[in-house]
Amino acid sequence: MRLRELGAVSKTEGVPGIWRAVHTDSDCRGKGLIAQWMKEAGLQVREDCFGNIYGRLEGEVPETILTGSHVDTVKNGGLYDGACGVATAVSAVGALVKAGWKPYYSVEIIGIEEEEGSRFDLLYPGSRAIVGHLLTEELDSRDENGIVLKELMEEKGYDWKRISEADRRGDVKEFIELHIEQGAVLEKEGLSIGLVEHITGMMKADVAIYGEQNHAGTTPMYLRKDPVVKTAELILNMTERVKEISRSAVITIGELDLQPNVSNVIPGRVHFVIDMRDGDGAALLDAKKAVERIIHSAEDDGFRTELKIYSYKEPVSLDAGLVDCLEEAAREAGAAYKRMNSGAGHDSMAIAGEIPTCMIFIPSVDGISHSPQEYTRPEDLGWGCEVLGRLLVKRAKGRK
Ligand SMILES: [Zn+2]
């Protein structure tokens with residue numbers, strides 16, 4: 001209900017789906033509605049100098065349990081990605097306040113800006129501001145119309161010179177993010193809650209296998225050095241080996257091109273990109289070594305190989321104690337749950353290194369996200385709200 005309302009105020013005439021990007025009119029209207037929800041739930045509302053919005057319930061001490069997710073969307077986005085973590089938190093805390101809850105620790109709901117980086121080419125600027133990692137020079141970033149973030153912030157009344165004041169490492173004790181799964185595992189297994197243990201690490205590599213370009217009709221099989229056949233063998237070997245190393249690892253060759261890519265020519269070169277991910281850091285490293293070994297093994301058969309790893313990100317582990325507590329909350333609520341990893345990045349990734357963090361996943365129907373078609377059933381939003389509420393009561397303690 002709240003999410004449909006938020007989607008409706010965020011719609012812009014002539015823009016497909018929803019595009020609620022930082023400091024757009026859509027974003028201002030969206031945050032206006034969130035502020036209203038927060039006030040109705042009995043929370044004190046404010047924004048920090050980046051534009052992240054907060055609703056605070058004062059506890060007996062200023063140390064804070066922070067919960068929420070991002071308020072922005074991708075271009076042509078939907079109602080649930082990000083926003084459901086904010087809306088669910090407002091519902092959970094609102095219900096607790098109504099029931100007379102007096103937490104010992106303060107509790108704050110946050111709507112984080114620009115997680116998707118859909119307007120400015122920055123990685124998690126809103127959440128990095130919260131942990132003091134956003135640099136003022138990053139605010140020189142321009143959007144596709146050449147608008148400088150810094151100047152836009154000034155125009156909208158956000159003082160970029162005070163960006164360091166958004167740093168909450170001093171008072172935030174823990175961060176809890178509820179988010180849609182963006183995959184189909186929970187739905188396919190008939191579960192309502194995912195307890196995220198790790199956000200997967202990722203390796204991206206460019207590979208080229210060089211053989212001998214020649215005539216497809218006149219070159220007998222025994223005289224060929226065909227890089228396509230070799231690549232097929234390498235891909236099968238890598239896939240099998242990675243599956244042996246880790247049950248949770250995934251490897252994808254989603255991009256592959258042949259040189260010259262002509263039907264009657266044995267190609268001279270195959271180029272492909274490896275995307276490999278795992279939540280287990282040691283296993284990801286083992287898989288990386290195995291992939292390197294397998295690619296280079298083609299040289300034994302006279303092929304020249306090039307392998308360039310252009311991105312390698314370690315997995316981020318969420319706080320084990322918090323995940324245990326989350327499991328207790330899910331069990332006590334009677335929710336059908338499982339422990340799992342997140343294959344996508346989130347604000348939690350930026351925060352977890354500085355503040356103990358955990359994530360709650362709720363199902364995405366058909367695993368669809370980053371689309372106006374994304375959908376989560378009301379009963380699963382309800383389970384998310386119930387489990388989040390119970391976890392907040394456990395973490396913030398206090399009297400009920
Ligand atoms: Zn998201």
Is region 71-220 best put as rounded, prolate or oblate by its Cα gyration tensor, with a ≥ b ≥ c the root eigenvalues, rounded for a/c under 1.5, and otherwise prolate when a/b is larger than b/c, oblate when not? oblate
Past 29 Å, Cα to Cα: identify those pairs from Lys39/Lys394; Lys225/Lys308; Lys31/Lys161; Lys75/Lys288; Lys39/Lys156, in the order given. Lys75/Lys288
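What value, in deg cm²/dmol to 500, does the helix sum -39500 (n - 2.57) over DSSP H runs of n ≥ 4 give at 222 nm once divided by the residues of the chain?
Helix-only estimate at 222 nm: -10000 deg cm²/dmol.
What order, most packed first, do the peptides 197-209, 28-40 have when packing is the mean number of other Cβ atoms within 10 Å of each residue?
Values: 197-209: 20.3, 28-40: 17.8.
Top to bottom by mean Cβ count within 10 Å: 197-209, 28-40.
Going highest first, how would you order 65-71, 231-237 by mean Cβ packing within 10 Å? Mind dumping the intermediate values first?
Numbers: 65-71: 26.4, 231-237: 17.1.
With the highest mean Cβ count within 10 Å placed first, the list reads 65-71, 231-237.
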Say the dipole of region 193-298 comes from +1 at the beta carbon of Lys and Arg and -1 at that of Asp and Glu; which of Val207, Leu234, Ala298 then lies farthest toward its positive end? Ala298
Over the Cα atoms, compute the radius of gyration (one decimal) and Dmax (the largest Cα-Cα distance, rounded to a whole number) for the chain, in Å. 24.2, 85
State the antiparallel share, in %, of DSSP beta bridges confined to the chain, rounding to the nearest 5. 65
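On full extension of the chain, what length is gained from Lys394 through Ala216, given 0.36 nm per residue of separation minus the C-alpha to C-alpha distance?
Between Lys394 and Ala216, full extension yields 57.2 nm more.
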Out of the DSSP beta bridges found with both residues in region 1-156, what percent are antiparallel (nearest 5)? 60
Highest-first arrangement of 310-317, 389-396, where packing means the average Cβ count within 10 Å: 389-396, 310-317
Work out how much length Leu236 to Leu307 would gain on full extension: take 0.36 nm times their residue separation and subtract the Cα-Cα distance, in nm to one decimal. 23.9 nm
Write down Rg/Rh for region 201-351, rounded to two decimals, with Rg from the C-alpha atoms and Rh from the Kirkwood relation over Cα pairs. 1.15
Give me the distance in nm between label points sitting 7 Å out from Cα along the Cα-to-Cβ direction at Lys98 and Ser246, one decimal. 4.3
Report the charge-dipole magnitude of the chain in Debye, nearest 20, computed about the Cα centre from +1 at each Lys and Arg Cβ and -1 at each Asp and Glu Cβ. 760
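Round to the nearest 0.05 the FRET efficiency obtained for Leu123 and Val229 when R0 = 45 Å and r is the Cβ-Cβ distance.
Working: r = 39 Å, r/R0 = 0.87.
Here the calculated transfer efficiency is 0.70.
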Extension gain, Lys75 back to Val262 (0.36 nm per residue minus Cα-Cα distance, nm): 63.7 nm
Sort all Cα-Cα distances of region 223-281 into consecutive 10 angstrom bins from zero, then give the percent of pairs in each bin up to the one containing the longest distance. 20, 43, 25, 11, 1
Region 259-371, dipole about Cα centre (Lys/Arg Cβ +1, Asp/Glu Cβ -1), debye to the nearest 20: 420
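Throughout, read-outs are computed from the coordinates displayed, never taken from laboratory work. These figures come from a predicted structure and were not determined experimentally. For neighbour counting, all protein chains shown are included, and Cβ atoms are generated from backbone atoms with ideal geometry for every residue, glycine included.
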